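Taking it in order: structure first as structure tokens, then the write-up.
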Amino acid sequence: MTTLSVPVPPKLEELVNSLVKRGYGANKADVVRKALELLAEEEAIKTVREAQQEVRDGKVLKGDIRRLIKNML
């Protein structure tokens, strides 16, 4: 595992400390790791929702993927 040092404003440090005290993580690093994992999950969900909307809007390619790629080249 790599160590990353990130300066944070006092309000965020207070939030992290509060989350540790409330049991959201074993320590500050654990809380920050969990927060980053949640952010990554939110981004993945957002991407899926955008793709679903594109399907609803008809912005998808249909057919044989090999033929579509060949036609694009």
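The values are calculated or read from the model by the stated rules, or taken from the named source; none is laboratory data. Keep in mind that what you see is a predicted model, and the values were worked out from it rather than measured. We place every Cβ from the backbone using ideal geometry, glycine too, and count neighbours over all the protein chains shown.
Selection of the stretch 1-25 for residues being assigned to a loop (DSSP other than H, G, I, E, B) and surrounded by fewer than 11 Cβ atoms within 10 Å (Cβ to Cβ) yields MET1, THR2, THR3, LEU4, SER5, VAL6, PRO7, PRO9, ARG22, GLY23.
Matching residues to (1) at pLDDT 95 or above; (2) more than 23 Å from the chain's Cα centre (by Cα):
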residue	(1), (2)
GLU14	yes, yes
VAL20	yes, no
GLY25	yes, no
LEU36	yes, no
GLU41	yes, no
ARG49	yes, no
LEU61	no, yes
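Residues in the stretch 51-68: is at least one closer than 30 Å to MET1 by Cα and part of a helix (DSSP H, G or I)? Scanning the stretch 51-68, I find no residue that is closer than 30 Å to MET1 by Cα and part of a helix (DSSP H, G or I), so the answer is no. A count restricted to the stretch 19-50 and to residues that are farther than 18 Å from VAL6 by Cα and of a type in the set (Lys, Arg) stands at 4.
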